[in-house]
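Enquirer: This structure is in structure tokens; I'll ask about it shortly.
The values are calculated or read from the model by the stated rules, or taken from the named source; none is laboratory data. Fair warning: this is a prediction, and the values are worked out from it, not measured in the lab. Quick reminder, even Gly has a Cβ in these numbers, built from the backbone with ideal geometry, and neighbours come from all protein chains shown. Note: accessible area is taken over every heavy atom of the protein model, side chains too, but ligands, DNA and RNA are not part of it. Shrake-Rupley method; radii C 1.70, N 1.55, O 1.52, S 1.80 Å.
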Amino acid sequence: RVFQLQYIRTFCSKFCLGKNKWSQWELNPRPLDSESNAPPPRPVPRTIENTREADETVCKPDDEELFAGNDADEFSSILKREATPKILITTCRFNSSRGPAFIKELLSVIPNAHYYKRGTYDLKKIVEYASKKEFTSLIVVHTNRREPDSLIIIGLPNGPTAHFKLSKLVLRKDIKNHGNPTTHMPELVLNNFTTQLGHRIGRMIQSLFPQDPNFRGRRVVTFHNQRDFIFFRHHRYIFESKESKRDAKGKSTKDANEENILKGNVIARLQECGPRFTLKLISVQHGTFDTKGGEYEWVHKPEMDTSRRRFFL
């Protein structure tokens, strides 16, 4: 306590003598703009996203080669609504208890998806069977130590094959105040797939869902890419009119809602339906799954992670 009193006395004496740091500074206001008499705009903060390394493969809106490639790739028939997506979902040979729970929720997210037990069949035979049954995509959920750790998405019948690392899985039952999804066709949101590789991955994901969403269901599926991590979320939304207590007095509910709509006092609320997980692209392979003679379009290597500002999607 004696030390505290001495510290307070020393500080007060310096403050009275004008030797503190505040007395030495001049509180100059920010310079005003001569034309508008307004302060200059604040500088944009530097983030990893807006200071990323320059990439020649970033897609441009006037790239004619990109649009010509879209018309000739493996997903054009589904995205042009010439074919209906039909998905087969299976597991690895040694499945866990948490894997089927995750697959059950995937079946509620992806329309027209069907689950088949893996058994002892080889993956190449499953690809042949799915192609004969006119499936458009095959999803394999791989588990390790009783936890799903990777996803393999194979386009049928001609590929490509994408291998993703799966992490941070949260099932619907573990999400607080979760909602139950309906059977309506969901709306699909793909965000921040800017490079040519990201554009190809985005079209592969897009080919898993029908291209005729039912807006009455108010159901949305989001794949958000940030720093090459693809975050998956599944929500239901609702629009509500926002009104204050003063406006609500002496008015009927119908008149108040119409007035709020005219004023634009409408807010959107979200309710997460689950599941929730994160994907990290490992490789993209030409054609269907082939570990021996397959040709790879892109493979992630450890030496690619030397810079924090280099992204590939």
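Enquirer: From the protein chains alone at 1.4 Å, what is the descending order of accessible area for E105, E134, E295, largest first?
Expert: Result, largest first: E134, E295, E105.
Enquirer: Leaving out ligands, DNA and RNA but keeping every protein chain, what accessible area does L190 have, in Å² rounded to the nearest 10, with a 1.4 Å probe?
Expert: In the full protein context, L190 sits at about 60 Å².
Enquirer: Roughly how much of T195 is accessible, in Å² to the nearest 10, using a 1.4 Å probe?
Expert: 0 Å²
Enquirer: A follow-up question, please. From the Cα gyration tensor of region 150-204, with a ≥ b ≥ c the square roots of its eigenvalues, which class applies: rounded if a/c is under 1.5, or else prolate if a/b is larger than b/c, or else oblate?
Expert: It comes out prolate by the Cα gyration axes.
Enquirer: Can you give the extra length, in nm with one decimal, that the chain gains between N191 and T57 once fully stretched, where that is 0.36 nm per residue apart less the Cα-Cα distance?
Expert: Gain on stretching N191 to T57: 46.5 nm.
Enquirer: Okay, next question. For region 135-229, give the percent of accessible area contributed by carbon and sulfur heavy atoms, probe 1.4 Å, rounded to a whole number.
Expert: 46 percent
Enquirer: Near K292, within a Cβ-to-Cβ distance under 14 Å, what is the net charge of the other residues, with Lys and Arg +1 and Asp and Glu -1?
Expert: Result for the local shell: -2.
Enquirer: With all protein chains present and a 1.4 Å probe, how do I153, I282 order by accessible area, largest first?
Expert: I282, I153
Enquirer: Packing-wise, with mean Cβ within 10 Å as the measure, how do 43-53, 117-127 rank, highest first?
Expert: Result, highest mean first: 117-127, 43-53.
Enquirer: State the answer as a single residue: which of N112, A101, L79 lies farthest towards the positive end of the charge dipole of region 75-167, with beta carbon charges of +1 for Lys and Arg and -1 for Asp and Glu, about the Cα centre.
Expert: A101
Enquirer: Tell me, what is the FRET efficiency for Q211 and A38 to the nearest 0.05, using R0 = 45 angstrom and their Cβ-Cβ distance as r?
Expert: My answer for the efficiency is 0.45.
Enquirer: Right, next: Using +1 on the beta carbon of Lys and Arg, -1 on that of Asp and Glu, and nothing else charged, what's the dipole of region 57-170 about the Cα centre, debye to 20?
Expert: 1000 debye
Enquirer: Using only the Cα atoms of region 76-201, build the gyration tensor, take square roots of its eigenvalues as a ≥ b ≥ c, and label the shape rounded, prolate or oblate: rounded if a/c is under 1.5, else prolate if a/b is larger than b/c, else oblate.
Expert: Rounded, since a/c falls under 1.5.
Enquirer: Also: Quick one: net charge around V140, please, counting Lys, Arg +1 and Asp, Glu -1 for every other residue with C-beta under 15 Å from its C-beta.
Expert: Neighbour charge sum, excluding V140 itself: +2.
Enquirer: Ignoring everything but the protein chains, give the 1.4 Å probe accessible area of T291 in square angstrom, nearest 10.
Expert: T291 exposes around 90 Å² with every protein chain in place.
Enquirer: Using a 1.4 angstrom probe on the protein heavy atoms only, could you order E147, E128, E65 from most to least accessible area?
Expert: Ranked list, largest accessible area first: E65, E128, E147.
Enquirer: May I ask for the distance between the Cα centers of region 56-95 and region 102-172, given as a whole number of Å?
Expert: 17 Å
Enquirer: Using a ≥ b ≥ c from the Cα gyration tensor of region 75-138 (square roots of the eigenvalues), is it rounded, prolate or oblate, where a/c under 1.5 gives rounded and otherwise the larger of a/b and b/c decides, a/b for prolate?
Expert: It is oblate, given that a/c is not under 1.5 and a/b is not larger than b/c.
Enquirer: To continue, here is another question. Using amide H atoms built in the peptide plane, which far-off residues or other-chain residues are under 5 Å from E297 H to H?
Expert: V284, Q285, H286
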